[in-house]
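**Student:** One structure is given below, represented as structure tokens, and several questions about it will come after.
The values are calculated or read from the model by the stated rules, or taken from the named source; none is laboratory data. Just so it is clear, the structure is predicted and the values come from calculations on it, not from any experiment. All Cβ positions, even for glycine, are placed from backbone atoms using ideal geometry, and neighbour counts span all protein chains on display. Please note that ligands, DNA and RNA were not included when accessible areas were found on the heavy atoms of the full protein model with its side chains. Shrake-Rupley method; radii C 1.70, N 1.55, O 1.52, S 1.80 Å.
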Amino acid sequence: MTPQVGCNIVTPSAREILDFFELFAVSEGLLARFAATRGAADALSQLRAAEERLSAVPYVGKLSHTYGTYARRFHGVIHQMSGAPELRVRVESLWGLGDFYLNTAKSGVRAE
């Protein structure tokens, strides 16, 4: 942003978006691995419930806002199960940028 002039419109390249989601996938995968090895057995019922809600959202040609909300909750349970609070904070800080990229691609997915 330039003072007294306005703002610059961000137009990410396809490469920037792909690079971001590569990093995001690796980060989410690491938290999932930690959750699988460190998570409490009683948290599995929360994970199953979150997955059932996510799976129940109908697909009608594009992903809905509701899907984005339930996906975030599902990943939140995995993150909580990981037992890695510092990593969790860092990965969750990427969620907004992921939403921006998904919306830029006009997929309609975002958390409500």
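**Student:** How large is the accessible surface per residue of the chain, computed with a 1.4 Å probe and reported in Å² as a whole number?
**Tutor:** On the way: 7600 Å² over 112 residues.
On a per-residue basis, the chain sits at 68 Å².
**Student:** When only DSSP loop residues count, what chymotrypsin sites (Phe, Trp or Tyr not before Pro) in the stretch 1-44 have their Cβ near at most 12 other Cβ atoms within 10 Å?
**Tutor:** Values: sites: Phe20, Phe21, Phe24, Phe34; in loops: none.
In loop regions of the stretch 1-44 (DSSP not H, G, I, E or B), there are no sparsely surrounded chymotrypsin sites (Phe, Trp or Tyr not before Pro).
**Student:** Could you please state how large a percent of the accessible area of the chain is carbon and sulfur, counting protein chains only and using a 1.4 Å probe?
**Tutor:** On the way: 4510 of 7600 Å².
Carbon and sulfur together cover 59 percent of it.
**Student:** Starting from 0.36 nm per residue, how many nanometres of slack lie between Ser13 and Glu92 once their C-alpha separation is accounted for?
**Tutor:** Working: separation 79, 0.36 × 79 = 28.44 nm, distance 2.25 nm.
Gain on stretching Ser13 to Glu92: 26.2 nm.
**Student:** While we're on this one: Assuming R0 = 22 Å, can you tell me the calculated FRET efficiency for the pair Arg73 and Phe21, based on Cβ-Cβ distance, to the nearest 0.05? Walk me through the numbers before you get to the answer.
**Tutor:** Working: r = 20 Å, r/R0 = 0.91.
In this case the efficiency is close to 0.65.
**Student:** Relative to the longest principal axis of the C-alpha atoms of the chain, give the angle of the C-alpha long axis of helix 14-38, reported between 0 and 90° and rounded to the nearest 10°.
**Tutor:** Around 20 degrees separate the two axes.
**Student:** Protein chains only, probe 1.4 Å: how do Leu54, Leu44 rank by accessible area, largest first?
**Tutor:** Largest accessible area first, the residues go Leu44, Leu54.
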